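The values are calculated or read from the model by the stated rules, or taken from the named source; none is laboratory data. All values derive from a computational prediction rather than experimental measurement. Cβ coordinates were reconstructed from backbone atoms using ideal geometry, including for glycine residues, and neighbour counts include every protein chain displayed. The area values use the complete protein model at the heavy-atom level, side chains included, leaving out ligands, DNA and RNA. Shrake-Rupley method; radii C 1.70, N 1.55, O 1.52, S 1.80 Å.
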Amino acid sequence: DKKIETPSCNSPNVLIECVVFKFFNHKGVNKMNKAELIDAVAKSTKQTKTNVEETLNALMAAVQTSLVKGDNVQLIGFGTFAVESRAARIGRNPATGKELKIPAKKVAKFKVGSKLKDAVAGSKAKKK
């Protein structure tokens, strides 16, 4: 077994790496909940959990508002939130085999940015 070294989460410069590490190494389960994210950001930025939660809630609200308007939200190096339209299509009920009409709809998408992709892959982000 390889020993995985935990990144220091005390600097804003390594926040992405810290969050990615905790997401993939959290108690043997691949998830990090909102409270744990708030805790990690609070420790990294030396802010109170209340301030970080308010900021995170404002960030999520701003992203949602932009997506509802049809605008993309691009965070360089992290990723892009976008709205995509799905065309109407015919599907099948797996239990009965009966055809179903699936209506057109808009869905939120996230495209991973280069720094986040490199952090998840375990490679060092290239400096420009």
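From (1) open to solvent by 90 Å² or more (accessible area, probe 1.4 Å); (2) over 18 Å from V63 (Cα atoms), pick out the condition that doesn't hold for K111.
Only one criterion in (1) open to solvent by 90 Å² or more (accessible area, probe 1.4 Å); (2) over 18 Å from V63 (Cα atoms) is unmet by K111, namely (2).
Any idea how many residues of region 54-72 are under 17 Å from L37 (Cβ atoms) and open to solvent by less than 80 Å² (accessible area, probe 1.4 Å)?
Looking only at that region, the number is 6.
Out of the residues in region 23-37 that are farther than 18 Å from G79 by Cβ and modelled with pLDDT under 60, which is least open to solvent (accessible area, probe 1.4 Å)?
Within region 23-37, the match that is least open to solvent (accessible area, probe 1.4 Å) is H26.
Residue by residue, here is whether (1) at pLDDT 90 or above; (2) within 18 Å of G113 (Cα to Cα); (3) not in a loop (DSSP other than H, G, I, E, B) holds:
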residue: D1; (1), (2), (3): no, no, no
residue: P7; (1), (2), (3): no, no, no
residue: F21; (1), (2), (3): no, yes, yes
residue: D39; (1), (2), (3): yes, no, yes
residue: T55; (1), (2), (3): yes, no, yes
residue: A62; (1), (2), (3): yes, no, yes
residue: S66; (1), (2), (3): yes, no, yes
residue: F81; (1), (2), (3): yes, yes, yes
